[in-house]
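**Student:** One structure is given below, represented as structure tokens, and several questions about it will come after.
The values are calculated or read from the model by the stated rules, or taken from the named source; none is laboratory data. Predicted model, so just to flag it, every value in this text is computed and none were measured. Because the Cβ atoms are built from the backbone with ideal geometry, glycine has one as well, and the counts that use them run over all protein chains shown. Calculation scope for accessible area: heavy atoms of the full protein, side chains included, ligands and nucleic acids excluded. Shrake-Rupley method; radii C 1.70, N 1.55, O 1.52, S 1.80 Å.
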Amino acid sequence: MRTVAPDAPVEASDERPSFSSRVLPAVAGPALIVACVLFALRGIVFRGFLSDQHPDILAFWLPRWCYLGHALRAGHVPVWNPLQFDGVPFASDPQSGWLYAPVMVLFRAFSCGTALRMFIVLQPLMAGLGLYWFLRTEGLHRAAATAGGLSAAMLISTSTVGLSLPFVAMLAWLPFVLVGAGLFLRARTWPRRLGWLALAAFAWGQVASAHMSHGLAMASLATLVYLVARAVWMVRRGELGAWQAVALFVGFCAFVFAANLAILLPRMSLFERTSLRGGYGAIGGAAARGAGLVQRPLSPGGFWSGWPLAFGSAPGAYAGAAILVAVPMAVRASRRFLTIAFGATGAICYVLTLNALAGADWFRNLVLKLPYGDVYLHNVSRLRYLLFLVIPVLGALGIQSLIERPTPARRAAAWIGAGAGLWLGVPLVVGAHPVRLALLAGGTAVAAVLLVRLARARPKAAIVLVAVLAVELVGSAAWSSVWNGKTVYLGLEQNESGRDLMPQPLLWPGVQVSAYERAGPIARYLEHHPGRYDTWDEPQVNSSKGYLYNQSPATWPALENTRGMLFSIPDAMGYSPLQLTRYWSWIRAENPGRVYYNASVLQDPTEQALRLLGVRYLIARSRTPIEVPGRLVARESRYLLYEIPGNPVVSLVGRWNVVPTGSAALHAVTGSSFDSGSRAVVQRDPGIPQSGSGAGSAAYRRVSPQELVVRTTTDAPRLVVLHDAFDSGWTYSVDGSEPQHVLAADYFLQAVPVPAGSHTVLIRYDDPNIGRGLAASAVAWGLLGAAVVVAVVVGRRRRRYSEVGPPPERTSGSGSTGA
């Protein structure tokens, strides 16, 4: 018997379809995705909470994106951030949020906490709706597309993956890259083709803005595999010529790269000046290696081989029974190239996570010889995130195969049994905890009945199947939000070290945004009495990751984890995987204990260290006596704020030692005999004579985050030492002279030579690669726009020509005159 898919066209009738019959089916799937995500994240959406379940939310994303929002509202490009690490490049930082559209829009328009709450909710919505759109453009039935999009969105919303913002960004934008890539190949006119190319390039650039390492690599892998699979499929069907497909593929890749040079160029150039200079395999650069400060934050091996089975475990990242059971049936789908593309992508990611490969010495040595191979070895388990889209796509294809190609109940039952055996039977046989699979077992029992009915050409079963999937996923979300907080194990992990953990359930958020953004007595004092601060909070200060896991409300008064940035208070310390090499190395040489690669704390705040950092205030616990002279100026809960005298941001020095290398400078300034108040250490002759002690004064004013004016009055030449972090982008001008690069003083600070007398010194920071990148991208987008205009004009002329026909030939008339 001939069957008709529910979306198949029907014979035309005289009655015009009603508005509800046309609109409701189109919006039902996306509306269901939105409703389920809002329920899963209801504490963040409706109750005004943020979560500290992932430490980077409060310690990393909130303060830096808040700074970005403040800069955008002030109307300037935030090329430098003076509020962290004694100053650090900002816009060129790959995770600054600069040119990341949703971050720039939200943090420009809303308060910091509200913007971050909206952003956290936006990303799973984009992932779900984007995947729904992609599957629909590939011809899948609305029910199958809804199931895929809903599964992807809820995998994110019910697990801590939703708080891993760079990886969620990849999942959120990748479907839009795929939509643009697919329609770019399929478009029949050049204006449309170029328009879809623009979408793909923009979305790929957003992935680069969010996570220019694992996230960008995974998105690029999925896109390239999909492009190749679709192009081959179209060539075999005669829809594209072989050379045409190659030309389109090369053109796509070239434009996507060129269009995003504004994002790529400044970020790539910054790496050479930061702690990531030598990569994760040799972090810290030459100066750190010379000082014996090498760290190797690489994964010791791969991930446990059964990790994909965790997609059937609840609470946590649970994909839903209908999706999981339908995965094997993806091989039946008529769009075989999609099955091949996403199956191959998932297989590549899986193999690269295996300990047999990632833990093999020969393979690790090979990978470390490749460009950015250390990024992969830094944390191989991150490749799991790509399967948050792969599994829903394969499951949606499996459902689609039953809709478009019904099959006898017995054969359908065999396929369903294969899926149930893979996701439910195998884990139980090899030792998984049964309670973790209880939701999957119940969902499978219901989904199996509906899938059999769907296989027997019962179209309404597809709608019921999606409804059951939604109920199942909402139940998983409710279970996650009320979980008691204990670590969830599937029971198949190789060990319980934390490295092998599956994505954990997203608990009910517990950080009241309004309270976290409210300044207490210490923050209010610092707002009205400007100066850089440091926090000394024992014993947490001795942790290798600093204060990263010290985020309870009781510690908020200490302004740890750069909380001071919320109130525009400069911090000498901070937390970030990307720090200027000199600052990073000095912190590790100064500390008696180990400090992990992305944290910076001062474990022993001596007078010398605080003077070098230009720290004016020290926050410490009330029961911990400080070892430096200080005046108590504020108190909040168990923390005291001390003002440290004699630590100016700008100082004058008349004597200095010239050393040949950065390593020598680092050893000199960390030696017990070094006195930064009377002598400086530089790596090249400043060009003025040493003068010893004498009268002089220096006053500074910060015009903007990247511009200072220093006015000096001296009776002899002096070095003006600016206690801000050194970077090659800083230049100075004395009394309007030609700008010159500042000197590196005391290894990681800045110095400017000034002659005797009264002078005005302008010190500015600039990153020319930001402008170069913007110019290069502008050229690429301009050429694309010009190509669209030309294509439209040529297309119109061709249509006009085909409609009117060629103009009549001109013939010589009898009235023509001769020569």
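**Student:** Can you compute the modelled spin-label distance between TYR372 and ALA695, with each label point 7 Å from Cα toward Cβ, in nm?
**Tutor:** 5.9
**Student:** Follow-up. Would you kindly state how much longer the chain becomes between SER637 and VAL228 on full extension, computed as 0.36 nm times their sequence separation minus their alpha carbon distance, in nm to one decimal?
**Tutor:** 141.2 nm
**Student:** Mean separation of Cα pairs under 8 Å and 6+ residues apart, divided by the residue count of the chain: what relative contact order is that in percent?
**Tutor:** Here the relative contact order equals 15 percent.
**Student:** Can you grab the distance from the C-alpha centre of region 147-168 to the C-alpha centre of region 552-629, Å, no decimals?
**Tutor:** Going from one Cα centre to the other spans 34 Å.
**Student:** State to the nearest 20 debye the size of the charge dipole of region 53-140 about its Cα centre, where the only charges are +1 on K and R beta carbons and -1 on D and E beta carbons.
**Tutor:** 280
**Student:** Run the quick spin-label model on LYS486 and ARG186: label points 7 Å from Cα toward the beta carbon, then report their separation in nm to one decimal.
**Tutor:** If labels sit at LYS486 and ARG186, their model points lie 4.9 nm apart.
**Student:** Label-point separation (nm) for GLU738 and ALA418, each offset 7 Å from Cα along Cα-to-Cβ?
**Tutor:** 7.5
**Student:** Of the options ILE57, PRO25, MET502, report the single residue whose Cα projects farthest towards the positive end of the charge dipole of the chain (beta-carbon charges: Lys, Arg +1; Asp, Glu -1).
**Tutor:** Value: PRO25.
**Student:** Work out the charge dipole of the chain with +1 on the Cβ of Lys and Arg and -1 on the Cβ of Asp and Glu about the Cα centre, then indicate which of THR146, PRO605, ALA101 is farthest towards its positive end.
**Tutor:** It is THR146, whose Cα lies furthest towards the positive end.
**Student:** Let me ask something additional. Top to bottom by accessible area (1.4 Å), largest first, where do SER164, SER334 land?
**Tutor:** Largest accessible area first, the list is SER334, SER164.
**Student:** Next up: Probe radius 1.4 Å, ligands and nucleic acids ignored: give me the carbon and sulfur share of the accessible area of the chain as a rounded percent.
**Tutor:** For the chain, the apolar C and S fraction of the accessible surface comes to 59 percent.
**Student:** To continue, here is another question. What residue among VAL482, GLY398, ALA756 has its Cα farthest toward the positive end of the dipole of the chain, where the charges are +1 on Lys, Arg and -1 on Asp, Glu, each on the Cβ?
**Tutor:** The listed residue farthest towards the positive side: GLY398.
**Student:** Suppose only helical runs count, i.e. DSSP H with n ≥ 4. What mean residue ellipticity at 222 nm does that imply for the chain under -39500 (n - 2.57) per run, divided by all residues and rounded to the nearest 500 deg cm²/dmol?
**Tutor:** Using -39500 (n - 2.57) per qualifying helix, the result is -15000 deg cm²/dmol.
**Student:** Here's a follow-up. What's the ranking of 93-100, 379-386 by average number of surrounding C-beta atoms within 10 Å, highest first?
**Tutor:** 93-100, 379-386
**Student:** About its Cα centre, how strong a charge dipole does region 78-228 have in debye, to the nearest 20, once Lys and Arg get +1 and Asp and Glu get -1 at the Cβ?
**Tutor:** 640
**Student:** Further question on the same structure: Just to confirm, what accessible area per residue do you get for the chain at 1.4 Å probe, in whole Å²?
**Tutor:** Here the per-residue accessible area is 40 Å².
**Student:** Ok, one more. Could you put TRP556, TRP536, TRP190 in order of accessible surface area, largest first, with the 1.4 Å probe and the full protein assembly present?
**Tutor:** Result, largest first: TRP190, TRP556, TRP536.
**Student:** Using only alpha carbon pairs under 8 Å that are at least six residues apart, calculate the relative contact order of region 507-660 and give it in whole percent.
**Tutor:** 26
**Student:** Using heavy-atom solvent-accessible surface (probe 1.4 Å) with all chains present, what is the largest-first order of GLU538, GLU707, GLU560?
**Tutor:** The most accessible residue leads, giving GLU538, GLU707, GLU560.
**Student:** Calculate the FRET efficiency for ALA787 and ARG684 from the Cβ-Cβ distance with a Förster distance of 56 Å, rounded to the nearest 0.05.
**Tutor:** Approximately 0.65, to the nearest 0.05.
**Student:** Okay, next question. If you take the beta carbon distance between VAL351 and VAL429 as r and set R0 to 22 Å, what does 1/(1 + (r/R0)^6) give as a FRET efficiency, to the nearest 0.05?
**Tutor:** That gives a FRET efficiency of 0.45.
**Student:** Follow-up question, since we're still on this one. Along region 757-762, what does the Karplus equation 6.51 cos²θ - 1.76 cosθ + 1.60 (θ = phi - 60°) give for ³J(HN,Hα), rounded to whole Hz, x for Gly and Pro?
**Tutor:** x, 9, 9, 10, 10, 9
**Student:** Count charges around PRO30 for me, please; just the other residues with Cβ under 12 Å from its Cβ, Lys/Arg as +1, Asp/Glu as -1.
**Tutor:** So the environment of PRO30 carries a net charge of +2.
**Student:** For region 196-213, just list the computed ³J(HN,Hα) in residue order, Karplus coefficients 6.51, -1.76 and 1.60, θ = phi - 60°, integers in Hz, with x standing in for Gly and Pro.
**Tutor:** Ordered by residue, 3J(HN,Hα) equals 5, 4, 4, 4, 4, 5, 5, 5, 4, x, 5, 4, 4, 5, 7, 7, 8, 8 Hz.
**Student:** Short version: ³J(HN,Hα) in whole Hz for each residue of region 121-127, in order, from phi by Karplus 6.51 cos²θ - 1.76 cosθ + 1.60 (θ = phi - 60°), x for Gly and Pro, what are they?
**Tutor:** Result, rounded to whole Hz: 6, 4, 5, x, 4, 5, 4.
**Student:** Treating the beta-carbon of each Lys and Arg as +1 and of each Asp and Glu as -1, no other charges, what is the dipole magnitude of the chain about its Cα centre, to the nearest 20 debye?
**Tutor:** 2760
**Student:** Hey, another quick one. Compute the FRET efficiency between ALA778 and ARG108 as 1/(1 + (r/R0)^6), taking r as their Cβ-Cβ distance and R0 = 25 Å, and round to the nearest 0.05.
**Tutor:** Efficiency computed from Cβ-Cβ geometry: 0.75.
**Student:** Would you mind giving the three semi-axes, in whole Å and largest first, of the ellipsoid equivalent to region 626-763 according to its Cα gyration tensor?
**Tutor:** Computed over region 626-763, the values are 26, 19, 16 Å.
**Student:** When only alpha-carbon atoms are used, what values of Rg and Dmax, in angstrom, describe region 311-357?
**Tutor:** When restricted to the Cα atoms of region 311-357, Rg and Dmax are 13.0, 35 Å.
**Student:** Next up: Report which label in (1) 1.22; (2) 0.96; (3) 1.09 holds the value of Cα Rg over 2.2 N^0.38 Å derived from the coordinates of this structure.
**Tutor:** Only one listed value fits the structure, namely (3).
**Student:** Given the peptides 738-745, 672-679, 390-397, 57-64, arrange them by the average over their residues of other C-beta atoms within 10 Å, most packed first.
**Tutor:** Going from most to least packed, we get 390-397, 57-64, 738-745, 672-679.
**Student:** How big is D, in µm² s⁻¹, for region 160-202 by Stokes-Einstein at 20 °C and 1.002 mPa s if Rh is the Kirkwood radius over C-alpha pairs?
**Tutor:** 194
**Student:** Can you list, by residue number, the Cys in the chain that have no neighbouring cysteine C-beta under 4.7 Å?
**Tutor:** Result for the chain is CYS36, CYS253, CYS349, no neighbouring Cys Cβ within the cutoff.
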